[in-house]
Amino acid sequence: MVTQVAYSEVFRKHDNIGHPENSERTMVMMQAVYSSPLANEMTFIEPSMASEESLYKIHDERMIQAIKDISEKQNSWLDLDTYVCKQDFETARLAAGATVQLCDNVLKGDADNGFAVVRPPGHHATSKTSMGFCLFNNASLAAYDLMEQGKKVLIFDPDVHHGNGTQDIFYHSDKVMYQSFHLSPHFPGTGKIDEIGSGDGRGYTVNAPLSYGNGDGAITSLLQEIFLPVAREFKPDFIIVSSGFDSHHEDPLGGLRLTVDMFGDIIEQLSLLQSKIVCTLEGGYNLSIIGPCLLSQLGVMCGHPQHYQDTTMELRNYQQVLRDLKKTMKQYWDI
Ligand SMILES: [Zn+2]
């Protein structure tokens, strides 16, 4: 197995002490990776930037220009949550470029799978708006590239927040399927069961809005009964995972109760469907947990699954969501 990890120290330039999405996140994660025996099983690559032109494939000019302008002058805020640092036009394109590059390497056969340990994250960035700590949509840029090469892509999003940006970008497409579970109600407020896609894309967006306290049991049932059967029928040529670790039970911005092992389990189950998988980092804000969560996924990817002592009490009131989502998806898929 060749598992590539794309990371750069340049991501540290995007930083704001006191903001939960700060540069310590990837530092502790990479420390966890480097100090693990698993590091010998991976190849580390220095990513290169996505070109300015490539951003226009999924984002509009005003949004791109806004970040470019701030980036040339001084640190600033786009909204109450989302900061932009000097040189972020380069840093954010590096995060996108890392994700695109890993997908390219896996498609060419230079790697079996990969993980882009990047910042700033991407899944809240819509076609027109940077928001929710996200500047450009890293997963979507990579998926768009694959789509242009005739590939069908599944984007699976286990972050505790709904990836409204990714959903928005591919809402009309039957070439890129978006599947997400997330806490609801919660930021950004989207991701209801009846958000299923539009036009050709009807049935290609699958949303499971979960309740506070739902955990591994809910995810296991959703995977077995809905996400995987739908994806099996879709037959993706490639899977991109928006790896958010804020769905872990100890995350300060979360409310779901996944354990560390669940993150690896998700990769294991998806890889039975399609082994070409690239993960790109989204959220996850508990600095003592996100390292193990990353290793849980990397362990499965490089063929050395890890297991952690991590348990929690989860609430099991997810039957209604399971029933309603199944009923909705049955109209489009043979599940
Ligand atoms: Zn999140």
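Among Q74, Q4, Q31, Q65, which is the only one that is buried (at least 16 other Cβ atoms within 10 Å of the Cβ) and of a type outside the set (F, W, Y)?
Numbers: Q74 fails: buried (at least 16 other Cβ atoms within 10 Å of the Cβ); Q31 fails: buried (at least 16 other Cβ atoms within 10 Å of the Cβ); Q65 fails: buried (at least 16 other Cβ atoms within 10 Å of the Cβ).
Criteria check complete, one pass: Q4.
I need the full set of residues from the stretch 175-219 which are in contact with a Lys or Arg (Cβ under 8 Å, 6 or more places away or on another chain), among the aliphatic types (A, V, I, L, M) and farther than 16 Å from P236 by Cα, in order please.
Those that are in contact with a Lys or Arg (Cβ under 8 Å, 6 or more places away or on another chain), among the aliphatic types (A, V, I, L, M) and farther than 16 Å from P236 by Cα: I196, A218.
If you take the residues of the stretch 280-303 that are hydroxyl-bearing (S, T, Y) and within 14 Å of V28 (Cβ to Cβ), which of them is nearest to the ligand (Cβ to nearest atom)? Working first, answer last.
Restricting attention to the stretch 280-303, the residues satisfying the condition of being hydroxyl-bearing (S, T, Y) are 280, 285, 288, 296.
Next, only the ones that are within 14 Å of V28 (Cβ to Cβ) stay: 285, 288.
On the way: Y285: 8, S288: 17 Å.
By that ranking, first place goes to Y285.
Testing V241 on (1) within 15 Å of the ligand (Cβ to nearest atom); (2) under 17 Å from L183 (Cα atoms), one condition comes back false. Which one is that?
(2)
Would you check which residues across the stretch 197-209 are over 14 Å from W333 (Cβ atoms) and either touching a Leu at 6+ places or on another chain (Cβ under 6 Å) or charged (D, E, K, R) (or both) and list them?
Answer for the stretch 197-209, where residues must be over 14 Å from W333 (Cβ atoms) and either touching a Leu at 6+ places or on another chain (Cβ under 6 Å) or charged (D, E, K, R) (or both): D200, A208.
Would you confirm whether or not the stretch 48-58 contains a residue that is acidic (D, E) and within 19 Å of the chain's Cα centre (by Cα)?
As a first pass, look at the stretch 48-58 and keep what is acidic (D, E): 52-53.
Keeping just the survivors that are within 19 Å of the chain's Cα centre (by Cα) gives none.
Scanning the stretch 48-58, I find no residue that is acidic (D, E) and within 19 Å of the chain's Cα centre (by Cα), so the answer is no.
Read-outs: derived from the displayed coordinates by stated rules, not from any lab. Since the structure is predicted, the reported quantities are computational estimates derived from the model, not experimental observations. Neighbour counts are summed over all protein chains in view; Cβ atoms, including those assigned to glycine, are modelled from backbone coordinates with ideal geometry.
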